[in-house]
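Working notes for the structure below.
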Amino acid sequence: RRPSGARLVLDAALRRVAQPQTALRAALDAVRTPRAALHTVTEAAGGLAELFGPAFNPVSATPLNVEIGPHRRFDWTEMRVADLKAVKNILGGTLNDVVLATVSGALRRFFRQRTVDPEGLKIRAMVPVSVRTRDERGTLGNRVTQINAPIPVHLADAAARLDAVRVTLAGLKESRQALGGEVLTAISEWTVPNLLVQAVRLAARVRPYNLVVTNVPGPQIPLYLAGALMRTAYPVVPLFEGFALVVGLFSYNGGLYWGINGDWEQLPDLHDFVLALDESFAELRRAAGTAPAHDARPETRERA
């Protein structure tokens, strides 16, 4: 049955009370097994260093990383999850790899429309990813961390972009950067929220990434409210200082729904980016040989 408001408050309070006990148990374990504790601390510190390492190697300045105002533009598109699976089954990678390769191609096209040469750009996206192991599937709770993923906008070939994303993300998920994201999230559970606020402010100042791309899996069965079918669900991810574009995705009932949030003043051509997403994914489908017959045209050659 649905928990009452009082029960939710009580459960939250009990979790907070238990956190000092967790810290105490960790301290006692450190006394009993100092070498193991030292190894854990070393790994965690290394993970945080890798997570914030990009802050010392800033990304390129782009039209996406500018001062933003109070007004927003919102646009959207949608794809079928089965179409993304068909691409990854032939070209390799995961669904998230196909998503980032699609974003990469769209950014390349968008920058060129803005007369920004993508060849020399260093672009990264902050991407929340699941680090749940096979043994943890089906258990309660989330194991989500963040990685700063390079986006290969310099590559003109769609299949090459997907391959670059696949190799990079596979390495990052196994790196200590993913551990660093987990450590930061864990710390935020038992420290003041100001820590995460300071992390966001640091990101705005030093630009370790250019945009956020977040893909949230949803139910793959139809949902109803008062007998009415929910047909689509487009996520709205907020912007923050210094970032004029955020890409949110939500999968539901066989569809992948893209919600694109942009600054009103800085991105009057936001719909061009949405069209570029559609064309970028069409390029991947043609590269994989899964495009519909009416769309099986040769790759469009970019103008110099």
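Just so it is clear, none of the values below were taken in a lab; they were calculated from the coordinates. Note that this is a predicted model, so its numbers are computed, not measured. Don't worry about glycine lacking a Cβ; one is built from the backbone with ideal geometry, like all the others, and counts go over all protein chains shown.
A few notes on this one:
- Taking the number of Cβ atoms within 10 Å of each Cβ as an exposure proxy, the fewest-first ranking of Met79, Met230 is Met230, Met79.
- Per-residue Cβ neighbour rank within 10 angstrom, fewest leading, Arg72, Arg114: Arg114, Arg72
- Residue ranges 246-259, 82-95 sort as 246-259, 82-95 when ordered by packing (mean number of other C-beta atoms within 10 Å per residue, highest first).
- The modelled label-to-label distance between His271 and Thr115, using points 7 Å beyond Cα along the C-beta direction, is 2.3 nm.
- Annotation: the residues Val103, Val127, sorted from fewest to most other C-beta atoms within 10 Å of their own C-beta, follow the order Val127, Val103.
- Amide H contacts of Gln146 (H built 1.01 Å from N, in plane; Pro and chain starts excluded): Val129, Gly181, Glu182 sit under 5 Å, all sequence-distant by 5 or more or on other chains.
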